[in-house]
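These notes are about the structure you will find just below.
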């Protein structure tokens with residue numbers, strides 16, 4: 001092989017190193033040793049030189065980390081192969097010179113002599129013919145003019161001169177590079193300055209801690225580790241590391257090492273920013289807006305809420321807030337027009353006010369067999385001593401004069417039924433046991449006796465949802481500032497009670513939802529009840 005051809009091989013193998021190709025520095029491949037040459041996507045690809053740790057050496061073409069194409073393989077034992085390779089094996093035309101003086105010229109297939117070839121033994125014997133998987137099969141004169149040596153370079157004289165010139169220039173550059181590398185190595189060998197490690201910030205947010213820092217060195221930083229684990233560095237030496245911080249904190253050792261092996265380190269302590277965590281249950285804020293519903297222009301609503309009473313100091317905590325909030329649910333979730341809703345609160349909810357609203361306001365606006373009436377009452381209720389009479393206490397009612405001052409539930413239903421509506425739905429956030437939401441009693445003489453109200457029948461077209469059983473107390477939900485029953489009843493109307501996701505909430509679905517929530521929250525001391533048409537649709541989403 002002439003000088004130009006040899007130097008062309010050097011150019012192909014090492015030119016990229018100096019002239020700015022795919023790779024510009026040695027890449028170490030573990031047991032494969034050191035590599036200098038072209039790379040693609042992190043793999044040896046193109047022309048290069050691989051020097052193995054055992055002294056073997058390969059110069060030539062690579063494809064995806066394999067020797068593939070034209071190349072020369074030198075073994076430390078003294079053997080040499082020059083020719084074609086494929087997937088890291090001798091494949092195609094090639095010449096193999098063994099360390100013991102034997103020589104084979106011919107065809108190869110995946111490291112085996114295979115095809116036509118000539119074997120020249122060191123003792124002078126020659127085998128010329130056909131080989132299969134390294135075994136000589138039979139003698140045969142080789143095809144005339146067929147050559148088994150490396151193809152000669154088909155280049156002109158002018159191209160040869162250019163190649164020679166380029167090869168010499170490359171040699172000078174390689175020599176300069178070698179000198180520079182030697183100087184660099186000398187600096188490394190004589191380096192005594194430890195690298196600098198600067199912590200820029202230490203932040204803890206909740207359970208996550210973050211450390212930001214920068215590493216510098218007079219020559220080059222090799223790596224930065226946190227508790228022995230390498231972290232990535234930017235081009236200017238900055239690094240960032242995040243870690244889980246347990247409740248009692250965590251200590252981290254940060255170490256920077258330069259290419260001379262010199263180190264410096266710091267120990268950082270991260271503390272969690274503990275905050276007082278409330279163990280109280282959080283309750284969603286009521287919000288009647290959201291899913292839109294169909295408007296029911298034939299519906300009417302009478303809403304009554306009494307918190308403070310004229311003739312008793314026992315208040316019905318948050319009852320007026322329940323009534324005011326239910327007005328919005330009547331319009332936004334039941335679909336009743338605003339001008340068809342009447343609300344009576346506190347001192348405007350006396351016995352005459354409620355009676356007049358039923359016998360005058362409802363009566364005038366009800367269309368026989370077409371109007372759907374909804375009644376909501378939040379306040380005190382009380383039963384007679386024998387439990388047979390159930391009364392709703394208006395603002396001016398007197399607990400120990402029920403028949404004379406309160407509204408009998410049975411009579412209330414009869415007066416509403418007399419308006420001849422199509423349907424009536426009643427929501428009663430009250431009880432009849434004599435207890436109050438804030439655990440008082442309406443009549444002092446009742447202590448500690450609890451009255452048990454007996455369940456009464458209701459008209460056929462009525463559906464009644466009550467806050468509690470006859471012997472239970474309707475409780476308040478202090479965290480939500482509402483009655484316990486009213487809060488979950490309205491929350492269920494927002495969509496939570498649509499158990500089968502059919503965009504409808506029936507009385508049965510709303511009752512099941514409210515029972516589950518109220519019983520758990522009251523520790524099973526309050527159980528809402530349902531009477532009437534359980535399949536009546538109360539909320540219809542669009």
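What follows is calculated from the coordinates using simple rules that are stated; it is not laboratory data. Bear in mind that the values here come from a model prediction, so they are computed numbers and not experimental data. For neighbour counting, all protein chains shown are included, and Cβ atoms are generated from backbone atoms with ideal geometry for every residue, glycine included.
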### Summary
Between residue 478 and residue 297, the FRET efficiency computed from the C-beta separation at R0 = 45 Å comes out, to the nearest 0.05, as 0.75
### Query
For residue 367 and residue 499, FRET efficiency with R0 = 51 Å and r from the beta-carbon atoms, rounded to 0.05?
0.95
### Query
What FRET efficiency, computed as 1/(1 + (r/R0)^6) with R0 = 60 Å and r the Cβ-Cβ distance, is obtained for residue 457 and residue 251, rounded to the nearest 0.05?
0.20
### Query
When the scattering of region 267-414 is computed by the Debye formula from its Cα atoms alone, each counted once and equally, what is log10 I(q)/I(0) at q = 0.09, 0.16 Å⁻¹?
-0.39, -0.93
### Query
At residue 263 and residue 161, where each label point lies 7 Å from the Cα along Cα→Cβ, what is the point-to-point distance in nanometres?
6.0
### Message
Quick one: the Cα spread of region 57-146 along its three principal axes, in angstroms, biggest first?
### Response
38, 25, 23
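Which order do the peptides 189-199, 109-119 come out in when sorted by mean C-beta neighbours inside 10 angstrom, highest first? Intermediate results must be reported in sequence, preceding the final value.
Values: 189-199: 13.9, 109-119: 17.7.
Answer by packing, highest mean first, reads 109-119, 189-199.
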### Message
At a 10 Å Cβ-Cβ cut-off, how would you order 35, 309, fewest neighbours first?
### Response
35, 309
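Between residue 118 and residue 136, what length in nm is gained on full extension when 0.36 nm per residue of separation is reduced by their alpha carbon distance? All intermediate terms of the calculation are to be shown ahead of the outcome.
Details: separation 18, 0.36 × 18 = 6.48 nm, distance 0.97 nm.
Here the segment from residue 118 to residue 136 would lengthen by 5.5 nm.
Taking N as the number of residues in region 196-270, what value does Rg over Cα atoms divided by 2.2 N^0.38 Å take?
Numbers: Rg = 12.4 Å, N = 75, 2.2 N^0.38 = 11.3 Å.
Rg over 2.2 N^0.38 Å, computed on Cα atoms: 1.10.
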### Summary
Full extension between residue 414 and residue 207 adds, at 0.36 nm per residue less the Cα distance, a length in nm of 68.3 nm
### Message
Could you check the spin-label model distance between residue 180 and residue 284? Points 7 Å from the Cα along Cα→Cβ, value in nm.
### Response
6.8
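Expressed as a rounded percentage, what relative contact order does region 299-540 have, with Cα pairs under 8 Å and six or more residues apart?
Values: 557 pairs, mean separation 47.0, N = 242.
The normalised contact order for region 299-540 reaches 19 percent.
Which length gain, in nm to one decimal place, applies between residue 190 and residue 225 when the Cα-Cα distance is subtracted from 0.36 nm times their residue separation?
Numbers: separation 35, 0.36 × 35 = 12.60 nm, distance 2.41 nm.
Roughly 10.2 nm would be gained on extension.
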### Query
Is region 299-540 best put as rounded, prolate or oblate by its Cα gyration tensor, with a ≥ b ≥ c the root eigenvalues, rounded for a/c under 1.5, and otherwise prolate when a/b is larger than b/c, oblate when not?
oblate
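Expressed as cubic angstrom per residue, what is the convex hull volume of the alpha carbon set of region 231-345?
Values: hull volume 25.7 nm³, N = 115.
Cα convex hull per residue, to the nearest whole number: 224 Å³.
Just rank 524, 52, 326, fewest to most, by other beta-carbon atoms within 10 angstrom.
524, 52, 326
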### Summary
Here, residue 524 and residue 352, labelled 7 Å along Cα→Cβ, have an inter-label distance in nm of 4.9
